[in-house]
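Visitor: Once you've had a glance at the structure underneath, I'll fire off some questions.
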Amino acid sequence: MRRFLFLLVFGIVGGGVLVSLGTWQMRRLEWKQGVLAEIEARIAADPVALPAAPDPEADRYLSVRVAGTLGDAELHVLVSTRDLGAGYRIIAPFTTVAGRRILVDRGYIPTEAKNEQRSTGAMEITGNLHWPQEIDGFTPDPEPDKNIWFAREVPILAATLDTEPVLLIARSQTDPGVTPLPVTTVGIPNDHLQYAVTWFGLGLVWAMMTLYFLWRTRARSRS
């Protein structure tokens, strides 16, 4: 009887822990879905003027429209997309009518278009402010002599092009040969449902194993 009670309590406690972890992940899922909905609404909002002092946290994903002059200089950030394949993101300096210099991510070009001429000069651009975090321990060092960069590290790109550390990801097209790659929530991880299913699945297995051991213990006690 003592062994039976031990297995029963052990099974209930262990199963309760696994179910509580699954429930917690479901709450996290609801929270993450709310965050993503808020970001999507912010991305799609009507564009506003460039803030006087953009904040990397408060103004992330802010929809902005700027007018001014797009410069000739370019930085090429290596990128690969499922639909377009390997290519470069074109990062260029933009001088607003107020005289401020910011970075503009114009979008994608294929690798073979690296040395082609692209439209510059006076234009109006609509997009979203962003400060991507793309550098990790596996990111190669940039190759400035070849104009090949591997991450959109805003402070570094801004220092290279002598602009404010502000990056506008264009939604509007700035050249027929450049495909905009606007900001989306696609790259933001949301794995809480998978985690919840895993915990609930383990809870079910735990319950079945507990019932099996209880049955076996009781059967032995009767023999």
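The values are calculated or read from the model by the stated rules, or taken from the named source; none is laboratory data. Predicted model only: the values in this text are computed from it and were never measured. Backbone-built Cβ (ideal geometry, glycine too); neighbour counts: all protein chains shown. Ligands, DNA and RNA are stripped out before the accessible areas are found, and what is left, the full protein with its side chains, is counted by its heavy atoms. Shrake-Rupley method; radii C 1.70, N 1.55, O 1.52, S 1.80 Å.
Visitor: Mind checking the range 23-101 for GluC sites (Glu not before Pro) that DSSP puts in a loop (not H, G, I, E or B) and that have at most 12 other Cβ atoms within 10 Å?
Guide: Taking the range 23-101 and a limit of 12 other Cβ atoms within 10 Å, the loop GluC sites (Glu not before Pro) found are Glu57.
Visitor: For the chain, what does -39500 (n - 2.57) per DSSP helix run (n ≥ 4), summed and divided by total residues, give at 222 nm, in deg cm²/dmol to the nearest 500?
Guide: Counting only the DSSP helices, I get -13000 deg cm²/dmol.
Visitor: Do any GluC sites (Glu not before Pro) in the range 119-192 lie in a DSSP loop with no more than 16 other beta carbon atoms within 10 Å, and if so, which?
Guide: Counting only loop positions with at most 16 other Cβ atoms within 10 Å, the GluC sites (Glu not before Pro) in the range 119-192 are Glu134.
Visitor: Next up: Report the local net charge at Trp24: Lys and Arg +1, Asp and Glu -1, summed over other residues whose C-beta lies under 13 Å from its C-beta.
Guide: +2
Visitor: Nearest-5 percent of antiparallel DSSP beta bridges in the chain?
Guide: The antiparallel fraction comes to roughly 85 percent.
Visitor: As I understand it, the value is the acute angle between the Cα axis of helix 192-222 and the longest principal axis of the Cα atoms of the chain; what does it come to in degrees, rounded to 10?
Guide: That works out to roughly 10 degrees.
Visitor: Next up: Whole number please: convex hull volume per residue of the Cα set in the range 40-174, in Å³?
Guide: 120 Å³
Visitor: Still on this structure: Check each of the trypsin sites (Lys or Arg not before Pro) in the range 84-113 and keep only those in coil by DSSP with at most 16 other C-beta atoms within 10 angstrom; list them in order.
Guide: Arg100
Visitor: Please calculate how many Å² of accessible area the chain carries per residue, with a 1.4 Å probe and no DNA, RNA or ligand atoms counted.
Guide: With the other protein chains kept in place, the chain gives 59 Å² per residue.
Visitor: What fraction, in whole percent, of alpha-carbon pairs in the range 171-223 exceed 15 Å separation?
Guide: In whole percent, the long-distance tail amounts to 72.
Visitor: Same structure again: Which percent of the accessible heavy-atom area of the range 80-223 goes to carbon and sulfur, probe 1.4 angstrom?
Guide: On the range 80-223, the fraction of accessible area on carbon and sulfur atoms equals 58 percent.
Visitor: If we count every other residue with Cβ under 10 angstrom of Glu134's Cβ, Lys/Arg +1 and Asp/Glu -1, where does the sum land?
Guide: -1
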